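Q: To start, I am sharing the structure in question, which I have written as structure tokens.
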Amino acid sequence: MKNYFLILFIGLSTLYKVGAQGHGPIFGLQTPTLAKGGVNLNAAGMSIATEDETSYMLRYTLFYGITEDLQVTLTTPTMIEGLENAPRTRGNSIMPANGDIEASLWYRFFSNAFGVGKRFESTAILGVSAPTEDVRGQVNVGNSIHGAISTGYASRVWYAWIGGGYQYYLEKDNEQLGDLPYVSLVIGYRPDIFMGDYPKPDWRIFIESLAEFPGDSKIDGQFFSTEERSENVLVGPSILGLFGPWGISFGALFPVVQDLKPNMPRERYRVSLNISYWL
């Protein structure tokens, strides 16, 4: 545990003159994209705990705004300690069960601003990833393709995003990890006390939910159900604080529904701490 916090401190201390994506949730899909030429580096410490063990990971995500509505992202992990029986999961950023390197394009294809600071918008995401391990869930794990779409409403006070995604793994050595459909829902609120401009702190509160429905894997073209495949619905709070060019967010998800396979340990929680600096 001490080594985890030491590495987390070193990783977060590297955030210097870079940008954060910003103003949204930790686990759920969202819609904002960076301004043209905007650069963002986000460092996160993540953890998943089951009844038997706990994982720790650092993850760094680089964002670059190609245009106001199109951005590219690259995320890389530093796995500190993994899970022997890890749930198959992902979310707004890949969660610590998955040591994947991923590149994505985010395209905000619809935006309708109305009123003062109010807007509806929708964003599509397309990404490719490469695993940093050879086996996942007792199955050879190959590269994957990920697609998602999110739509939502944002104002100066209220936020809401609903989205869904699908991750498809390519075959490797006659084995293929099962696909992963998932959906997310986020509701956010900005209290009146935080409506002031910088240097006054600005805090937002979110309730986030994530549902995952992993499919069966294949070996030699035949489907089979692995012990690691379990359906989950998780809900939890997160907060986002903005201080001039700096942002800090922390959140946790707790399972409310778990359809577990035999001998699969029950998940207890997921947590993530993000620190960012943006231009």
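The values are calculated or read from the model by the stated rules, or taken from the named source; none is laboratory data. Computed from a predicted structure; not experimentally measured. All Cβ positions, even for glycine, are placed from backbone atoms using ideal geometry, and neighbour counts span all protein chains on display. Note: areas computed on protein heavy atoms with side chains; ligands, DNA, RNA excluded. Shrake-Rupley method; radii C 1.70, N 1.55, O 1.52, S 1.80 Å.
Q: Taking the stretch 54-74, which residues are open to solvent by 10 Å² or more (accessible area, probe 1.4 Å), outside any loop (DSSP other than H, G, I, E, B) and among the polar types (S, T, N, Q)?
A: Listed by number, the residues that qualify are T54, T61, T73.
Q: Restricting to strands (runs of 3 or more DSSP E) lying wholly in the stretch 199-275: which have 2 or more residues that are open to solvent by 70 Å² or more (accessible area, probe 1.4 Å) and hydrophobic (A, V, I, L, M, F, W, C)?
A: Once the strands (runs of 3 or more DSSP E) in the stretch 199-275 are filtered for at least 2 residues that are open to solvent by 70 Å² or more (accessible area, probe 1.4 Å) and hydrophobic (A, V, I, L, M, F, W, C), what remains is 202-212, 231-243, 246-259.
Q: Sticking with this one: Select from the stretch 101-147 the residues that are crowded, with 17+ Cβ neighbours inside 10 Å, aliphatic (A, V, I, L, M) and in contact (Cβ under 8 Å) with a residue 40 or more places away in the chain and list them in ascending order.
A: I125, V139
Q: Kindly provide the set of residues from the stretch 15-39 that are under 19 Å from the mean Cα position of the chain (by Cα) and at pLDDT 85 or above, ordered by number.
A: P25, I26, F27, G28, L29, Q30, T31, P32, T33, L34, V39
Q: While we're here: Please enumerate the residues belonging to the stretch 128-143 that are assigned to a loop (DSSP other than H, G, I, E, B) and of a type outside the set (S, T, Y).
A: Answer for the stretch 128-143, where residues must be assigned to a loop (DSSP other than H, G, I, E, B) and of a type outside the set (S, T, Y): E133, D134, G137, Q138, V141, G142, N143.
Q: Could I ask something else about it? Can you name every residue in the stretch 82-100 that is of a type in the set (S, T, N, Q) and open to solvent by 10 Å² or more (accessible area, probe 1.4 Å)?
A: Within the stretch 82-100, N85, N92, S93 qualify.
Q: Which one is most open to solvent (accessible area, probe 1.4 Å) among residues in the stretch 177-198 that are closer than 30 Å to G137 by Cα and assigned to a loop (DSSP other than H, G, I, E, B)?
A: Only one residue fits best here, namely D179.
Q: Is there a residue in the stretch 148-155 that is assigned to a loop (DSSP other than H, G, I, E, B) and either surrounded by fewer than 19 Cβ atoms within 10 Å (Cβ to Cβ) or more than 20 Å from the chain's Cα centre (by Cα) (or both)?
A: So far as the stretch 148-155 goes, yes, one or more of its residues are assigned to a loop (DSSP other than H, G, I, E, B) and either surrounded by fewer than 19 Cβ atoms within 10 Å (Cβ to Cβ) or more than 20 Å from the chain's Cα centre (by Cα) (or both).
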